[in-house]
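The values are calculated or read from the model by the stated rules, or taken from the named source; none is laboratory data. Small disclaimer: the values here were computed from a predicted structure and weren't measured. Every residue, glycine as well, gets a Cβ built from its backbone with ideal geometry; the counts of neighbours run over all protein chains shown. These accessible areas exclude ligands, DNA and RNA; they are computed on the full protein's heavy atoms, side chains included. Shrake-Rupley method; radii C 1.70, N 1.55, O 1.52, S 1.80 Å.
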Number of protein chains: 2
Amino acid sequence: MPSVAAAAFDSHGPALALDVGGTKLAAALVAADGTILASDRTPTPAGPGIDGSVIWAAVTELLDRLYLSAGSPALAGVGVGCGGPMVWPAGEVSPLNIPAWRGFPLRAHIAARYPGIPVRLHNDAICMVIAEHWLGAGMGRESMLGIVVSTGVGGGVILGGQVLNGMSGNAGHVGHIIVETDGVACGCGGRGCLEAVARGPAIAAWATERGWIPSRGDLGATAEALTIDARTGHQVALEALRRAGTGLGIGIASALATLDVELVVLGGGVSQAGALLYGPMHEALRQYASLGFTRSVPVVAADFGPQAGVIGAAALVHQGAAYWIAD
Amino acid sequence: MPSVAAAAFDSHGPALALDVGGTKLAAALVAADGTILASDRTPTPAGPGIDGSVIWAAVTELLDRLYLSAGSPALAGVGVGCGGPMVWPAGEVSPLNIPAWRGFPLRAHIAARYPGIPVRLHNDAICMVIAEHWLGAGMGRESMLGIVVSTGVGGGVILGGQVLNGMSGNAGHVGHIIVETDGVACGCGGRGCLEAVARGPAIAAWATERGWIPSRGDLGATAEALTIDARTGHQVALEALRRAGTGLGIGIASALATLDVELVVLGGGVSQAGALLYGPMHEALRQYASLGFTRSVPVVAADFGPQAGVIGAAALVHQGAAYWIAD
């Protein structure tokens with residue numbers, strides 16, 4: 001494998017950005033203005049008994065391929081978004097959706113391959129929120145809450161134009177705000193969490209338990225298939241999205257009372273359900289967010305799709321003063 | 001009335017501190033190290049049809065009496081804590097528990113009486129949290145969440161050693177985190193809020209509706225009387241405190257997921273119920289706060305009692321770099 005250890009540093013050069021997800025690894029070279037100069041992706045190795053080193057090999061292969069094919073430019077740094085939890089800013093990651101990595105020193109491993117240039121790593125949901133604040137729906141705002149509704153429910157907070165890290169880099173875990181007091185068990189060990197109600201697989205599972213069978217069998221029992229059926233009036237599918245939207249509204253109301261931010265940006269695949277999710281969410285907000293400083297806060301859709309991850313990871317490098325308050 | 005307009009400025013002098021509550025006005029001269037040099041108080045004028053100017057007259061009379069009796073020292077400034085909501089940092093206050101003040105320009109009025117010296121005003125719950133961070137149970141911590149359970153449920157947040165204001169000075173309104181999804185109406189217009197479940201009058205009202213009659217008739221149907229009866233085993237009183245403690249635990253779990261702070265400090269009269277409240281609260285935390293960075297956060301009792309208000313108000317003046325990030 002060609003060595004990339006010779007990557008030179010250029011603070012005006014592109015950032016090499018990596019987004020580590022449970023199903024795919026995405027990489028991009030991102031210019032200082034946020035333009036994606038080149039990108040590539042590969043499936044995340046998965047399966048029973050898989051070793052963490054196999055995933056690391058897939059990461060390095062992807063990064064090398066992209067970097068070499070782009071002519072090995074001098075880099076401003078490497079930015080990484082990865083599923084949590086993690087020890088931050090050390091970047092020892094234990095992604096819920098990558099069981100083979102438990103305490104995996106991802107940041108240190110990447111830093112060893114790219115010596116002499118900044119290597120920065122944050123939660124993937126926080127990277128998505130950073131992308132929306134840097135160049136997307138929250139651009140120029142002093143404060144915002146971003147929520148990503150996907151296979152999990154993640155989030156991040158911008159205050160005073162900077163990312164809120166919290167004591168351990170975990171601020172903004174709004175997926176674990178309690179939205180159903182007598183609620184179902186959550187993967188975190190708690191129950192009634194927003195994530196347990198509104199993440200895609202939870203929406204689909206709730207409907208399946210109530211007799212929903214996807215008309216689009218090729219999509220499986222997914223939130224995407226459920227949204228299609230809800231649009232044609234399937235009552236259980238509609239109710240499943242209503243429950244998720246209500247949970248979202250309750251969670252947003254609680255977060256707004258706590259944070260006092262000026263904007264909420266909602267992204268992630270599940271949020272594409274549109275009005276079927278947004279309607280119940282706004283209804284819940286009308287019921288539960290009644291303080292002057294919470295009831296007027298707009299909730300808008302994210303600008304970026306799946307590429308938010310690499311753009312936010314690049315922002316850790318290019319816009320460190322706002323988004324990298326660590327080391 | 002003697003004029004105090006001649007108050008000289010001395011950055012090392014004491015702060016004149018005022019705590020505006022629904023039942024009492026408290027004032028103190030507080031040295032730069034937090035020592036209370038002198039203090040005084042008076043009932044807040046109340047009753048149907050009372051005019052806002054009557055309350056303002058009581059404020060000035062109290063401040064003048066204290067200031068003159070202390071020998072009119074040169075002041076570092078005037079710090080004020082007042083019930084919310086308010087327009088902040090302008091200090092136009094509309095305390096829920098003082099109906100005669102709606103948009104009352106308290107900060108401007110005080111500044112006009114004390115020209116040439118800093119006059120700073122914040123939410124009374126935030127002042128109590130500041131006091132605990134400056135010199136109390138949260139001293140030296142980089143981050144904490146403070147909660148005051150009293151006739152209302154207020155709160156405040158310290159992050160990076162500084163108070164979190166939010167966009168409009170309203171961050172930390174944890175009393176309006178949703179803790180009962182099918183919950184009762186709250187004074188804010190929402191429902192299921194922590195405040196609607198755990199504030200003293202709500203605890204007492206819930207028990208009264210279920211047949212509780214205070215054995216200490218002289219105390220009325222208050223949280224204090226209810227706590228006394230709960231200690232002797234009154235089942236409805238116990239259940240009322242259990243419900244409030246559970247709500248507190250759920251609210252804290254949601255706030256911790258959002259904020260990632262290292263400590264929770266609990267104060268206010270209702271928190272004096274002790275184990276009868278703390279037991280159910282910890283039980284709820286065990287159920288609902290399961291993330292690594294939330295489940296290990298200690299919840300401790302506040303160090304200060306009622307004097308927290310004036311100490312925190314004085315800290316706005318004496319410790320402005322940490323607690324007054326405004327104008």
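For the stretch A:250-270, a residue qualifies if it is crowded, with 23+ Cβ neighbours inside 10 Å and among the small types (Gly, Ala, Ser), and the qualifying residues are A:Gly251, A:Ala253, A:Ser254, A:Ala255, A:Ala257, A:Gly267, A:Gly268. Put simply, of B:Thr151, B:Thr208 the only residue that is surrounded by fewer than 24 Cβ atoms within 10 Å (Cβ to Cβ), polar (S, T, N, Q) and touching a residue at least 24 places away in the same chain (Cβ under 8 Å) is B:Thr151. Evaluation of B:Gly309 against the conditions (1) away from chain A (no Cβ under 14 Å); (2) free of Cβ contacts under 8 Å to residues at least 60 places away in the same chain; (3) among the small types (Gly, Ala, Ser) shows that the sole unmet condition is (2). Scan the stretch B:45-59 and tell me whether some residue there is in contact (Cβ under 8 Å) with a residue 40 or more places away in the chain, assigned to a loop (DSSP other than H, G, I, E, B) and at positive phi. Within the stretch B:45-59, not a single residue is in contact (Cβ under 8 Å) with a residue 40 or more places away in the chain, assigned to a loop (DSSP other than H, G, I, E, B) and at positive phi.
Here A:Gly47 meets the list (1) buried (at least 16 other Cβ atoms within 10 Å of the Cβ); (2) among the small types (Gly, Ala, Ser); (3) modelled with pLDDT under 95 almost entirely, failing just condition (1). Counted as qualifying within the stretch B:67-175 are no strands (runs of 3 or more DSSP E), as none has 2 or more residues that are within 20 Å of B:Gly52 (Cβ to Cβ) and within 12 Å of chain A (Cβ to nearest Cβ). Of the residues that sit in the stretch B:171-201 and are more than 24 Å from A:Thr246 (Cβ to Cβ) and open to solvent by 10 Å² or more (accessible area, probe 1.4 Å), which one is farthest from the chain's Cα centre (by Cα)? My answer is B:Pro201. Cβ separations smaller than 6 Å between residues 6+ apart or across chains give the following pairs from the stretch A:292-304 residues that are more than 8 Å from every other protein chain (Cβ to nearest Cβ) to residues that are in a helix (DSSP H, G or I) and buried (at least 19 other Cβ atoms within 10 Å of the Cβ): A:Val297/A:Leu256; A:Ala302/A:Glu132; A:Phe304/A:Ala131.
Yes/no matrix, rows are residues, columns are (1) among the aliphatic types (A, V, I, L, M); (2) open to solvent by less than 50 Å² (accessible area, probe 1.4 Å); (3) in contact with a Pro (Cβ under 8 Å, 6 or more places away or on another chain):
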{"site": "A:Ser39", "(1), (2), (3)": "no, no, no"}
{"site": "A:Thr42", "(1), (2), (3)": "no, yes, no"}
{"site": "A:Gly52", "(1), (2), (3)": "no, yes, no"}
{"site": "A:Glu61", "(1), (2), (3)": "no, no, no"}
{"site": "A:Gly77", "(1), (2), (3)": "no, yes, yes"}
{"site": "A:Leu96", "(1), (2), (3)": "yes, no, yes"}
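The residue pairs whose first member lies in the stretch A:237-255 and is assigned by TED's automatic domain parsing to the domain that holds A:Val149 and farther than 12 Å from A:Val153 by Cβ, whose second member is among the acidic types (Asp, Glu) and at pLDDT 95 or above, and whose beta carbons are closer than 7 Å, counting only pairs six or more residues apart or on different chains, are A:Ala237/A:Asp229; A:Gly249/A:Glu283. Kindly establish whether A:Glu239 is of a type in the set (D, E, K, R), away from chain B (no Cβ under 14 Å) and surrounded by fewer than 20 Cβ atoms within 10 Å (Cβ to Cβ). Spelling it out, A:Glu239 is indeed of a type in the set (D, E, K, R), away from chain B (no Cβ under 14 Å) and surrounded by fewer than 20 Cβ atoms within 10 Å (Cβ to Cβ). Among the residues here, A:Ala198 qualifies as in contact with a strand residue (DSSP E or B) (Cβ under 8 Å, 6 or more places away or on another chain) and either touching a residue at least 40 places away in the same chain (Cβ under 8 Å) or in the same structural domain as A:Met281 (by TED's automatic domain parsing) (or both).
Taking the stretch B:257-281 as the range and being in contact with a Leu (Cβ under 7 Å, 6 or more places away or on another chain) and within 10 Å of another protein chain (Cβ to nearest Cβ) as the test, the residues that pass are B:Ala257, B:Thr258, B:Leu259, B:Val261. Per this entry, B:Asp218 is not counted among residues that are within 11 Å of chain A (Cβ to nearest Cβ), over 21 Å from the mean Cα position of the chain (by Cα) and surrounded by fewer than 18 Cβ atoms within 10 Å (Cβ to Cβ).
Hey, can you tell me all the residues within the stretch A:10-36 that are of a type in the set (A, V, I, L, M, F, W, C) and closer than 18 Å to A:Pro85 by Cα? A:Leu18, A:Val20, A:Leu25, listed by residue number.
Can you give me the number of residues within the stretch B:161-170 that are open to solvent by 30 Å² or more (accessible area, probe 1.4 Å) and either on the phi > 0 side of the Ramachandran plot or at pLDDT 95 or above (or both)? Explain how you work it out, then say what you get.
Taking the stretch B:161-170 first, the residues open to solvent by 30 Å² or more (accessible area, probe 1.4 Å) are B:162, B:167-168.
Filter again for either on the phi > 0 side of the Ramachandran plot or at pLDDT 95 or above (or both), leaving B:162.
Qualifying residue count, the stretch B:161-170: 1.
Residues in the stretch A:264-306 that are assigned to a loop (DSSP other than H, G, I, E, B), touching a helix residue (DSSP H, G or I) at 6+ places or on another chain (Cβ under 9 Å), modelled with pLDDT of 95 or more and over 27 Å from A:Ala221 (Cβ atoms): A:Ala289, A:Val297, A:Asp303, A:Phe304. Select from the stretch B:293-309 the residues that are open to solvent by 10 Å² or more (accessible area, probe 1.4 Å) and over 27 Å from B:Glu180 (Cβ atoms) and list them in ascending order. Selection gives B:Asp303, B:Phe304, B:Gly305, B:Pro306, B:Gln307.
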